1. Restricting to the stretch 124-154, give me the number of residues that are farther than 20 Å from residue 187 by Cβ, part of a strand (DSSP E or B) and of a type outside the set (D, E, K, R).
2. Taking the stretch 97-114, which residues are part of a strand (DSSP E or B), of a type outside the set (Val, Ile, Thr) and either touching a Leu at 6+ places or on another chain (Cβ under 8 Å) or surrounded by 17 or more Cβ atoms within 10 Å (Cβ to Cβ) (or both)?
3. Within the stretch 83-96, which residues are in contact (Cβ under 8 Å) with a residue 40 or more places away in the chain, not in a helix (DSSP H, G or I) and not polar (S, T, N, Q)?
4. Go over the candidates 209, 163 one by one and state the one that is assigned to a helix (DSSP H, G or I), charged (D, E, K, R) and in contact with a Gly (Cβ under 8 Å, 6 or more places away or on another chain).
5. Mind counting the residues in the stretch 137-147 that are under 18 Å from the mean Cα position of the chain (by Cα) and either at positive phi or surrounded by fewer than 22 Cβ atoms within 10 Å (Cβ to Cβ) (or both)?
6. Which one is surrounded by the most Cβ atoms within 10 Å (Cβ to Cβ) among residues in the stretch 166-175 that are in a loop (DSSP other than H, G, I, E, B) and of a type outside the set (S, T, N, Q)?
7. Only residues that are surrounded by 16 or more Cβ atoms within 10 Å (Cβ to Cβ) and free of Cβ contacts under 8 Å to residues at least 60 places away in the same chain: list them for the stretch 46-64, please.
8. So, residue 200, is that one assigned to a helix (DSSP H, G or I), hydrophobic (A, V, I, L, M, F, W, C) and closer than 27 Å to residue 104 by Cβ or not?
Amino acid sequence: MRIDSNVSPVWGAVAAAAALFVLLAARPLFPAVGCDLNDPDRDVKRLFPESTGYKTVYVSIDRRGGRELLRRIEERLGDPFKGLYETIDVPYTMYHVLKDGNIIGYIHGVNQKGRYGGLQVFLAVDPEGTVRGFYIQKLTSRQASLLRDAAFGRQFAGLNLGDFFAYDVRTGSAPAGSRAAGITNPASEAGDDFRAILRAVKKNLILIDEFLLGNKFLPPSAAPGGPLPSPRAD
């Protein structure tokens, strides 16, 4: 009896489809989305005019602490990470700003979902974590010019993570009299984007505290169990 070794076109197509499925299942459907300055040389000098250079450091929650670190960050934020911009493997680009070889501050940006798409919010902070500069790099909104106005950004100057402890990112509310409550929305028709920006600011300050400041603002009761591995410098 002769056994035909030829495979029918139908079964060949099934096998090819199965192989493609296995290949796709083995890799993420969407890559993690980071947030880099469009022109680091220009932007670092604009945010820190006195700087003489900078160093770029790359970190991720996945590589620095995994699920335990993610859980702690979510608890500090008061909201779970979700969507393409907040996966555990998102690469965060931290700019160490230098003057004559010494660190004089940091710049870091985060992606955040806005009303009409993603927005990017950068903060420039001093070595103690106090905001000295605020920069919206990306924003799609009819009210974008108002939210990008320097007068709005100046409201964040001098604030730190402690000022956002009681800010509720889910409701967009803060205790009366707090510094976070004093931040006013210059665009009454862009309430969703205003709240998204404040969520991005609090998230950004938490990530800066975790990755750059050694958890300076972390309450003792929530102190991490041990040191995390050092980040990779560019």
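The values are calculated or read from the model by the stated rules, or taken from the named source; none is laboratory data. Just so it is clear, the structure is predicted and the values come from calculations on it, not from any experiment. Quick reminder, even Gly has a Cβ in these numbers, built from the backbone with ideal geometry, and neighbours come from all protein chains shown.
1. Of the residues in the stretch 124-154, the ones farther than 20 Å from residue 187 by Cβ are 124-133.
This time we only want the ones that are part of a strand (DSSP E or B), so: 124-125, 131-133.
Within this subset, residues satisfying the condition of being of a type outside the set (D, E, K, R) are 124-125, 131, 133.
Of the residues in that region, 4 qualify.
2. Taking the stretch 97-114 and keeping what is part of a strand (DSSP E or B), we get 97-99, 102-113.
Of the ones still in play, those that are also of a type outside the set (Val, Ile, Thr) are 98-99, 102, 105-106, 108-109, 111-113.
Hits for the stretch 97-114 are 98, 105, 106, 108, 109, 111, 112, 113.
3. 89, 90, 91, 92, 94, 95, 96
4. Working: 163 fails: in contact with a Gly (Cβ under 8 Å, 6 or more places away or on another chain).
The conditions single out 209.
5. Restricting attention to the stretch 137-147, the residues satisfying the condition of being under 18 Å from the mean Cα position of the chain (by Cα) are 137-140.
Filter once more, keeping what is either at positive phi or surrounded by fewer than 22 Cβ atoms within 10 Å (Cβ to Cβ) (or both): 137-138, 140.
Here the count works out to 3.
6. First, the residues of the stretch 166-175 that are in a loop (DSSP other than H, G, I, E, B): 166-167, 169-172, 174-175.
Applying the additional criterion that residues be of a type outside the set (S, T, N, Q) yields 166-167, 169-170, 172, 174-175.
Details: 166: 13, 167: 22, 169: 18, 170: 10, 172: 15, 174: 19, 175: 11.
So, considering only residues that are in a loop (DSSP other than H, G, I, E, B) and of a type outside the set (S, T, N, Q), the one surrounded by the most Cβ atoms within 10 Å (Cβ to Cβ) is 167.
7. Residues satisfying the conditions are 51, 54, 60, 61, 62.
8. Details: assigned to a helix (DSSP H, G or I): yes; hydrophobic (A, V, I, L, M, F, W, C): yes; closer than 27 Å to residue 104 by Cβ: yes.
Judged against the criteria, residue 200 is a match.
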